[in-house]
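Q: Quick one: the structure is below, and I'll ask about it shortly.
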Amino acid sequence: MQPTVAHLTLGDGLRLLSALIWVGSGALLLLRARPTRMTVLAGCMLLANGVSAPAQKASEGTSVAVLGRLVLAVALTLAVLTLSVFPDGHFRPSWLRWLAAVFAAWQVVAAVIGHLRPALDIFGGVVFFAGLGVPLGAQVWRFRHDPDPTNRVQVRWVLYGVAVAFGVSLLVSLPYFAPGWFPSLVASGSPYDRFQETASSLAVLAVPICFLCAMLFANLFDIDVVITRTLVYGSLSFLVAACYLLVVAGTGVLVGERGGRLAPLAGAAIVALLFGPLRALLQRRARRLVYGMRAEPYAALSGLGRRLAAAVPDDDVPTELVSTIRDALRAPYVALAVGSGREFPIAAEQGRVTPETLALAVLHRGEQVGVLIVGYDAGHPLSASDLALLTDLASHAGTAIHSLQLTTSLRRGAEDLQAARERLVLTREEERRRLRRDLHDGLAPTLAAAGLTAATAHDLVRRDPETAEKVLETLQRNLRAAVSDIRTLVDALRPPALELGLMPALRERAAELSQLVEVSVEGPERLPVLPAAVEVAAYRICQEALMNVLKHASARHVQVRVAAGDLLTLEIEDDGVGMSSANGNGIGLRSMRERAAEVGGGCTIAMRPGSGTQVSVYLPISVGVSP
């Protein structure tokens, strides 16, 4: 009888300790916390779970056993209700209230009935696990999506307590899933059986303690430190025990009974050798899991370099940067805005937006190429080491963004060049077609008719001089028309005004428009010898700009300024009403840009609604074309 008494004494001691911690946590919560609906509910839940086990044990086998079962039903119902509304007192999602109601009703029914039939017992198991598992899943969802950092810390404490209770209980119960492998180990009353009962009972006590910490001391203890150390020492204990058992078992198999004394010594020696490296490895892994790469800046930077060096499509580079930075800092929110000048639209973002954010300029050789936005919780501000790591990461991100922008710019430039070449080929072919049509349909018939007329006049000169004279007059008219057509074709190829040079041509054009608007032309009297293509482009652009002023600007004065240095620059500025951005893509404006691009130059148009328009053109002096 002595072993049974010792076993009962151990069980009674565990129940007494459990009741004291549950009841003590509930009483402390009700006495110390500010009375709210949530604190009262949680305190009552802790008290009920503290007295449920002793009450059920005391009433078991008596006439009031139903009362003990009802106390347990109330305790479980309060636990489900608390998990459903924690930490703000609201059901989220709202249908959890119906789950709690069904769970409560079933617990009362099961307590009154007592022993259940197998089918009802299975149904009761489903209700039990659903009633506890679904609210726990809702708590995980709250932790990931709740915008309030205080609520997330409280939820994290509760989830930590449940994870410790479940993890330890599952770990020490693993041999019971395969009792045939360990018959003596899992036998009732064995040392391991008592150890399993003790470990499971003590692990469950993490739940009331964590509830108390969540509602009274959430900001007093850093939950991240608690989780990190739990992961390190829990994993270390498991691995050390596993290594010891494997060494002892392996030595026994290899050496046999003669190694009975050698096996424990060998196991202890190997565990001693592995303890230090295992602890360092687990500590580093746990720190990375909770804090990211904050304490390992070199590893964070090398990880970013490896991810950028991989074959990542250009469009995915911002996403890779954001993902790497968020993993390195374990930040709730990270966004990357990419642009230039004053416009930086967000290119990629991950996580939930937090009230507290830090905006860090992303630079490349002193030029801002983006903005890195990092969100953090008010309870966990960024430290000096975090800021230093962010600065280094932003520097590497600046290089990657600049490369991305350069690649995009080169690709866009290549596309624009290809489009310009296609337009140039099309324009050339259209010009050739026009010349062919004009020569074939206009000049060729005229010259052919002139030849026939000359032959007729030759035949009539001696026989009928008067008629021959009339025919020659007709021939003269036809030849004058042919000469006019030739001049028209030549003028279309190159404006005749340019025969005297660009500056005289511009002044002549200004004089022609003087009756409609005042045009002043400023520039050197003599320009360097310009390629024909550049000269024509400058004249046509100025001509188009002046026509736009007459059509749209309602201007009184237009200023044309010409300068020649390394480039030929041309500015046309008016004092009219300007143009809106909606008119900035018209055919005329696009034609000016295309003419400048065809000779390797550029054209910018500054439209200022209400204060005029300025056209700025720069053209190369030499484009490899002889004048």
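Q: Quick one: Gly114 ticks every box in (1) without any contact (Cβ under 8 Å) to a residue 40 or more places away in the chain; (2) surrounded by fewer than 18 Cβ atoms within 10 Å (Cβ to Cβ) except a single one, so which number is it?
A: For Gly114, the exception is condition (1).
Q: Kindly indicate whether any position in the range 480-500 is without any contact (Cβ under 8 Å) to a residue 12 or more places away in the chain, over 30 Å from Ala449 (Cα atoms) and more than 56 Å from the chain's Cα centre (by Cα).
A: Yes: one or more hits.
Q: Here are some residues: Ala420, Ala482. Which one is assigned to a helix (DSSP H, G or I), surrounded by 11 or more Cβ atoms within 10 Å (Cβ to Cβ) and modelled with pLDDT under 75? First the steps, then the outcome.
A: On the way: Ala482 fails: modelled with pLDDT under 75.
Ala420 is the lone residue from the list that is assigned to a helix (DSSP H, G or I), surrounded by 11 or more Cβ atoms within 10 Å (Cβ to Cβ) and modelled with pLDDT under 75.
Q: Criterion first (surrounded by 13 or more Cβ atoms within 10 Å (Cβ to Cβ), in contact (Cβ under 8 Å) with a residue 24 or more places away in the chain, part of a helix (DSSP H, G or I) and not assigned by TED's automatic domain parsing to the domain that holds Ser554) does Leu506 satisfy it? Walk me through how you get there before you give the answer.
A: Working: surrounded by 13 or more Cβ atoms within 10 Å (Cβ to Cβ): yes; in contact (Cβ under 8 Å) with a residue 24 or more places away in the chain: yes; part of a helix (DSSP H, G or I): yes; not assigned by TED's automatic domain parsing to the domain that holds Ser554: no.
No.
Q: Just for the range 545-574: of the residues that are surrounded by fewer than 18 Cβ atoms within 10 Å (Cβ to Cβ) and touching a helix residue (DSSP H, G or I) at 6+ places or on another chain (Cβ under 8 Å), which one is modelled with the lowest pLDDT?
A: His552
To keep it simple, each residue is scored yes or no on (1) of a type in the set (Lys, Arg); (2) crowded, with 20+ Cβ neighbours inside 10 Å; (3) free of Cβ contacts under 8 Å to residues at least 60 places away in the same chain.
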| site | (1), (2), (3) |
| --- | --- |
| Leu31 | no, no, yes |
| Thr36 | no, no, yes |
| Val40 | no, no, yes |
| Gly43 | no, yes, yes |
| Leu46 | no, yes, no |
| Pro54 | no, no, yes |
| Ala58 | no, no, yes |
| Ala65 | no, no, yes |
| Ala73 | no, yes, yes |
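The values are calculated or read from the model by the stated rules, or taken from the named source; none is laboratory data. This one's a predicted model, so the numbers in the text were calculated from it and none came from an experiment. A quick note on method: Cβ atoms are made from the backbone with ideal geometry, for glycine too, and the neighbour counts reach across all protein chains shown.
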